[in-house]
Structure formats: C-alpha cells, structure tokens
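The values are calculated or read from the model by the stated rules, or taken from the named source; none is laboratory data. From a predicted model like this one, the values you see are computed outputs, not experimental measurements. Heads up, the Cβs are rebuilt from the backbone with ideal geometry, glycines too, and the neighbour counts pull from every protein chain shown.
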Amino acid sequence: MSRRCELTGVGPMVGHNVSHSNIKTKRRFLPALSPTSLQSESLGQTFKLRITNAALRTLDFKGGLDAFLVGARDEDLSARALKIKKQVKAKLAQVAA
C-alpha cells in the first residue's frame with residue numbers, strides 16, 4: 001500500500017535530520033494519511049479512501065467530495081478517485097440534461 005494521498009497526490013518528501021553538531025543525515029517526511037469514509041451526494045454512495053488530514057480539511061472547505069473531484073486535476077488523483085470522478089461527472093451531466 002503506497003503512502004500517497006488518493007485525492008491530492010501528496011507523497012513522502014526527503015530532508016535531513018540535523019544534529020546539535022550540524023551533522024546531517026537523510027530522513028523521510030511521511031504524509032499524515034488516514035482511512036476515511038466519504039459521502040458522495042450526487043451518487044448517494046460512501047467511498048473509503050486514504051487521504052491526508054489536509055485534504056480532509058480541503059474537502060470541508062470546497063463543499064464535499066463531489067465539488068472537490070470536479071475541480072481536481074486528473075494527474076493528482078489515484079485510479080480509484082479518477083473512477084469516482086467520472087461517475088460523478090456523468091451523474092451531474094445526466095441531471096443537467
């Protein structure tokens with residue numbers, strides 16, 4: 001299971017531990033991932049995704065999963081999130097027509 005957010009694409013970053021004597025050793029900064037159940041209003045379904053805590057706050061700000069996915073870039077989304085995005089767009093187009 002990869003350490004990557006399924007909605008924002010955030011993954012591990014690389015940096016240094018710096019000691020008191022200024023010796024630098026490599027380390028990894030891992031994203032704060034949490035498994036979350038997200039509700040889609042247009043589809044009426046619940047989806048389990050592993051997303052960062054920052055992405056969860058962004059979902060609340062944007063107005064839910066559907067609004068976030070419609071505005072998200074395809075390169076950042078995982079394969080599961082991309083599939084959900086296509087379903088949401090099809091359902092919104094069906095409702096608008």
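So which of Ser42, Ser34, Ser21, Ser2 ends up being of a type in the set (S, T, N, Q), modelled with pLDDT under 95 and surrounded by fewer than 16 Cβ atoms within 10 Å (Cβ to Cβ)?
On the way: Ser42 fails: surrounded by fewer than 16 Cβ atoms within 10 Å (Cβ to Cβ); Ser34 fails: modelled with pLDDT under 95; Ser21 fails: modelled with pLDDT under 95.
Being of a type in the set (S, T, N, Q), modelled with pLDDT under 95 and surrounded by fewer than 16 Cβ atoms within 10 Å (Cβ to Cβ) holds for just one of Ser42, Ser34, Ser21, Ser2, which is Ser2.
If you scan segment 1-26, which residues turn out to be part of a strand (DSSP E or B) and under 26 Å from Leu56 (Cα atoms)?
Selection gives Met13, Val14, Gly15.
If you check Ile84 against the conditions, is it touching a Cys at 6+ places or on another chain (Cβ under 7 Å), of a type in the set (Val, Ile, Thr) and touching a residue at least 12 places away in the same chain (Cβ under 8 Å)? Reasoning before the result, please.
Values: touching a Cys at 6+ places or on another chain (Cβ under 7 Å): no; of a type in the set (Val, Ile, Thr): yes; touching a residue at least 12 places away in the same chain (Cβ under 8 Å): yes.
For Ile84, the condition - touching a Cys at 6+ places or on another chain (Cβ under 7 Å), of a type in the set (Val, Ile, Thr) and touching a residue at least 12 places away in the same chain (Cβ under 8 Å) - is not met.
Identify all residues within segment 5-15 that are aliphatic (A, V, I, L, M) and either within 16 Å of Ala79 (Cβ to Cβ) or surrounded by fewer than 17 Cβ atoms within 10 Å (Cβ to Cβ) (or both); write none if there are none.
Once the filter is applied, which keeps residues that are aliphatic (A, V, I, L, M) and either within 16 Å of Ala79 (Cβ to Cβ) or surrounded by fewer than 17 Cβ atoms within 10 Å (Cβ to Cβ) (or both), segment 5-15 yields Leu7, Met13, Val14.
Test Arg27 against the stated conditions and say whether it is touching a residue at least 60 places away in the same chain (Cβ under 8 Å) and surrounded by fewer than 15 Cβ atoms within 10 Å (Cβ to Cβ).
Answer is no for this residue.
Kindly indicate whether any position in segment 73-86 is touching a helix residue (DSSP H, G or I) at 6+ places or on another chain (Cβ under 8 Å) and surrounded by fewer than 10 Cβ atoms within 10 Å (Cβ to Cβ).
Yes, that holds for at least one residue.
Suppose we filter segment 2-24 for residues that are on the phi < 0 side of the Ramachandran plot and either among the aliphatic types (A, V, I, L, M) or in contact (Cβ under 8 Å) with a residue 12 or more places away in the chain (or both); how many remain?
14
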